[in-house]
Amino acid sequence: MTEQLARPQAPWALRLVPPFPSVAQRILALVNNPDTNVSELSELVKVDPSFAAELLRFANSALMGARRKVTSLPMAIVVVGIDRVKTIATLVSMNRMVRHSVRKDALRKVWTHSLVTAVIAEEIARVSRIARDAAYTAGLLHNLGTLGLMSAYPDEYTRMLEVSTDFGFDLLRTEQDLFEIDHCLAGSYLAQDWDFPDELAAAIAVHHDDPSAPVSDLDSLVQISWRLADTLGYAAFSPKREWTWEELMGLIPRSAGAWFGGSPTAAKAEIAQRLAGIPQ
């Protein structure tokens, strides 16, 4: 069961994370207000034309399954959902922070891995009767700490990833050695600092823990989802341990009813279709 998290002081390694964009901060604050309506949110999104364009692209992607072309921001918000607008605003903003300073291939791997983890998490949630929006958000943001450390130390972090991959170093231990914090705890801190639910911050904090039982909550769901993404060829980093498809399927009750439940080949084809048109 997820426990209430105490909000820590900012770790020194995250003090150099660029300020969160003001428009994104206003979007997060507005979404957190239970009285927010679609009209208010669309007016705010219009202030940032590039984010508005990416939101429209997302709404028109195969992942959202819109039956007709979405051409207005209010309709895009309805299709995507207010909670996901918050998630997209966060990840788009983080990508903007690092895209000019981090090697494009390293950033693309993290972004694609996060998207695949999100769509898998949402489907596991559906067959496991867990809240789907929370699962999608947790899947998309589970590597939030990676983006934070990348934005603060682009050269050092990218080089660390290369060395860890080349020599088989343990990623979390290497992060701790260099930054005195790993990306799991860094992401949990950022999630709390930006007022995401404690349940999400907790899932981010433990996402590298081994899943020890069938999926039953958000923590175990994310732990299984990102490993499935890795198994299907969408790894962002070299894993400490490679899990097999069969092992992970065994941790998902009613996996046969999921769109990925047939075979890895069928799952890859479905994921490629769902990712089509999503901003990357």
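The values are calculated or read from the model by the stated rules, or taken from the named source; none is laboratory data. Because the structure is a prediction, the values reported are computed rather than measured. For neighbour counting, all protein chains shown are included, and Cβ atoms are generated from backbone atoms with ideal geometry for every residue, glycine included. Keep in mind that these areas ignore ligands, DNA and RNA; they rest on the heavy atoms of the full protein, side chains included. Shrake-Rupley method; radii C 1.70, N 1.55, O 1.52, S 1.80 Å.
Brief remarks on what is shown
- Taking all pairs of distinct alpha-carbon atoms in the chain, Kirkwood radius in angstrom: 19.1 Å
- As a rough guide to protection, the peptides 23-30, 180-187, 256-263 ranked by mean Cβ packing within 10 Å, highest first, stand as 180-187, 23-30, 256-263.
- Normalised per residue, the volume of the convex hull around the Cα set of region 211-250 (Å³): 67 Å³
- Across LEU232, LEU141, LEU16, mean-square fluctuation computed from a Gaussian network of the chain (C-alpha pairs under 10 Å connected) peaks at LEU16.
- Size descriptors for region 174-280: radius of gyration and Dmax over Cα atoms are 15.3, 43 Å.
- Å² per residue, accessible surface of region 58-148 at 1.4 Å: 38 Å²
- Entry note: region 102-149 has Rg to Rh equal to 1.08, where both radii use alpha-carbon atoms and Rh is the Kirkwood radius.
- The residues of region 173-220 have, on average, 41 Å² of accessible surface per residue, using a 1.4 Å probe with all protein chains present.
- Compared with the rule-of-thumb size 2.2 N^0.38 Å for a compact globular protein, region 233-278 has a Cα radius of gyration ratio of 1.29.
- Pairs of lysine residues in the chain that meet both criteria, 8 or more places apart or on different chains and Cα atoms under 26 Å apart, total 11.
- Low-density loop cleavage sites - GluC sites (Glu not before Pro) in region 194-280, where at most 15 other Cβ are within 10 Å (DSSP): GLU242
- Surface composition of region 90-228: carbon plus sulfur atoms contribute 48% of the solvent-accessible area (1.4 Å probe, protein chains only, all chains present).
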